[in-house]
Each structure stands twice: as structure tokens, then as C-alpha cells.
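Accompanying notes for the structure given below.
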Amino acid sequence: MLSYKESLKILKETNALLEGHFVLSSGLHSDKYVQCAKLLSKPQKAKEICLSLAEKIKEKFKNIDLILSPAVGGIVIGYEIGRILNIETIFAERVNKNFSLRRGFQIRKGQKVLIVEDVITTGASSLECSNLALKSNAEIVGYACIIDRSNGKSKINIDIVSQVEIEIPTYKEKDLPKHLAETKAVKPGSRNL
């Protein structure tokens, strides 16, 4: 398994973890920004992270029948973890702002489902996916992600298996620390296009 330091190095090398001054989609400011799509665009580096995460998942969860991921961010990581562990993998996608299963995907009654995504912050997307499984009378065995930046504040009440836990403080514009107030902010991310 990769160490925390080795994982962080890969995230920085692939620009999946940036440092600077960022305005997040919430409007809050931060000195770090996470974009796992950058990691996943580098297959060899992503493979290292995913193999390590898969080992952690195998240690924590003994019986998994299905991996469910939220689109878009979770599709690639969910697929790769499913491929490594040889577990069927599906994804949920938004229809009228709510996650639903399409493309003939199904969750069967009694299946043991692992929710996998790239980053967990509030846990909202993961919980929406778990609701789909619960409606099918399946069992949620747990949650896994590359980066857990929830700082224990997500609404998920089961342990989250992650490759890296990162605390990323956020600030309102009027409360910026000096090191951010003195630098120009940029708006990264897919929601700021």
C-alpha cells in the first residue's frame, strides 16, 4: 500500500491537489483545491492510487456484491476499483437534479453495495447513491474514496475508507487569512465554466 506521503506526492504531481488561492464552487476561498479528474487522466499514476485503495477496501470490507458510484466524478474510480476487485460496478446519474439508475443498471434485493467516489466532502452524493440501494432493499457495506476531505463532518455515519484524508480549511471572503488576502484568487473546477 502507498503511504500517505507517497499518495500526496502523486496527487501533487498530477495536479489533482493544487495549492494557491482558490474560489470554490460554494463561493468560499481556500489555499488548496482538489480535482481528481487530473489524477485519473494519468492512468499509470491513477493505477498506483487505485491499487492501494483497493487493498484498503479488501481489508475493511469482506463481502461486496456491487460497487455504485455517482456520475461524473465517481465513474472512473468506481470502474477501476471494480476491475481490481473483480466486482460488478454501476453508476448513478442525475435526472432532473436527482440521482437515478439508467442504462439498465439494477440493484438487487439483498446485494451488499459499496459506494465509491473520487472525493467525499459533505457526503451528499454518496448518500444519494446509498438511498438508491436502500430503496432496492440492498445493504450498504460502506463508502470509499480517493480523497476524504470531510474532516469528520460528512453526513455519512459509517467509516469512510480513503487513500488520503486531507483537511482543507475554507474561508469567507471577508475572513481571509493574510496569505490568501495577498494573492489573486482563481476559480478552478467544472462548475465554474
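The values are calculated or read from the model by the stated rules, or taken from the named source; none is laboratory data. Please read all numbers here as calculations on a predicted model, not as lab measurements. Don't worry about glycine lacking a Cβ; one is built from the backbone with ideal geometry, like all the others, and counts go over all protein chains shown. Please note that ligands, DNA and RNA were not included when accessible areas were found on the heavy atoms of the full protein model with its side chains. Shrake-Rupley method; radii C 1.70, N 1.55, O 1.52, S 1.80 Å.
Could you let me know the centre-to-centre spacing of region 1-53 and region 118-143, using Cα atoms, in angstrom?
A separation of 23 Å, based on Cα centres.
Restricting to Cα pairs below 8 Å that are 6+ residues apart, what does the relative contact order work out to for the chain? Please round to a whole percent.
On the way: 361 pairs, mean separation 46.9, N = 193.
Result for the chain is 24 percent.
List the residues of region 143-157 whose backbone N lies under 20 Å from a point placed 7 Å from the Cα of Thr170 along the Cα-to-Cβ direction.
Of the residues in region 143-157, 145-157 have backbone N under 20 Å from the label point off Thr170.
Once amide H atoms are placed 1.01 Å from N in the peptide plane, what residues at a sequence separation of 5 or more from Ala92, or on another chain, have their amide H within under 5 Å of its amide H?
For Ala92, the qualifying residues are Ser69, Ala71.
Go through Ile81, Asn151, Phe61 and say which Cα lies farthest out towards the positive end of the charge dipole of the chain; charges sit on Cβ, +1 for Lys and Arg, -1 for Asp and Glu.
Farthest towards the positive end: Ile81.
Counting helices only, and only those DSSP H runs with n ≥ 4, report the 222 nm mean residue ellipticity of the chain as the sum of -39,500 (n - 2.57) divided by its residues, in deg cm²/dmol to the nearest 500.
On the way: 6 runs with 60 residues, N = 193.
About -9000 deg cm²/dmol.
With θ set to phi - 60° and the Karplus curve 6.51 cos²θ - 1.76 cosθ + 1.60, what are the ³J(HN,Hα) couplings of region 36-46 in order, to the nearest whole Hz, using x for Gly and Pro?
Per-residue couplings from phi come out as 4, 4, 5, 5, 5, 7, 10, x, 5, 5, 4 Hz.
Starting from one equal scatterer on each C-alpha and no solvent at all, send me the Debye-based log10 I(q)/I(0) for the chain at q = 0.08, 0.11, 0.19 Å⁻¹, two decimals.
-0.27, -0.50, -1.33
Please compute the Kirkwood hydrodynamic radius of region 103-163 from all pairs of different C-alpha atoms, in Å with one decimal. Don't skip to the answer; put the middle values down first.
Values: mean 1/r = 0.0846 Å⁻¹.
In region 103-163 this quantity evaluates to 11.8 Å.
Determine the alpha carbon to alpha carbon distance for each of Lys60/Lys135; Lys12/Lys184; Lys42/Lys109 and list only those over 28 Å.
On the way: Lys60/Lys135 24 Å; Lys12/Lys184 21 Å; Lys42/Lys109 37 Å.
Check vs 28 Å cut-off fails for Lys42/Lys109.
Take Arg83 and Ala71, extend 7 Å from each Cα along the Cα→Cβ direction, and tell me the distance between the two endpoints in nm.
1.9 nm
Please sort by residue number the GluC sites (Glu not before Pro) in region 109-182 whose DSSP state is loop and whose Cβ has at most 10 other Cβ atoms within 10 Å.
Working: sites: Glu117, Glu128, Glu139, Glu165, Glu167, Glu173, Glu182; in loops: Glu167, Glu182.
Passing sites in region 109-182 are Glu167, Glu182.
Test of understanding: given the chain, find the longest segment containing no trypsin sites (Lys or Arg not before Pro) that are in a DSSP loop and have at most 16 other Cβ atoms within 10 Å.
Working: sites that count: Lys62, Lys97, Arg102, Arg103, Arg108, Lys109, Lys153, Lys155, Lys172, Lys184.
My reading of the result: 1-61 is the longest stretch.
Just the accessible area per residue of the chain, please: how many Å² with a 1.4 Å probe? Spell out each step's value before the answer.
Values: 10650 Å² over 193 residues.
About 55 Å² of surface per residue is accessible.
Restricting to region 2-102, what percent of DSSP beta bridges are antiparallel, rounded to 5? It would help to have the intermediate numbers written out before the result.
Working: 8 of 13 bridges.
Expressed as a percentage, antiparallel bridges in region 2-102 total about 60.
To the nearest 10 degrees, how steeply does helix 75-85 sit against the main Cα axis of the chain, on a 0 to 90 scale?
Long axis of 75-85 versus the principal axis of the chain: about 50 degrees.
Using only Cα atoms and rounding to the nearest 10 degrees, what angle (0 to 90) does helix 4-13 make with the longest principal axis of the chain?
70 degrees
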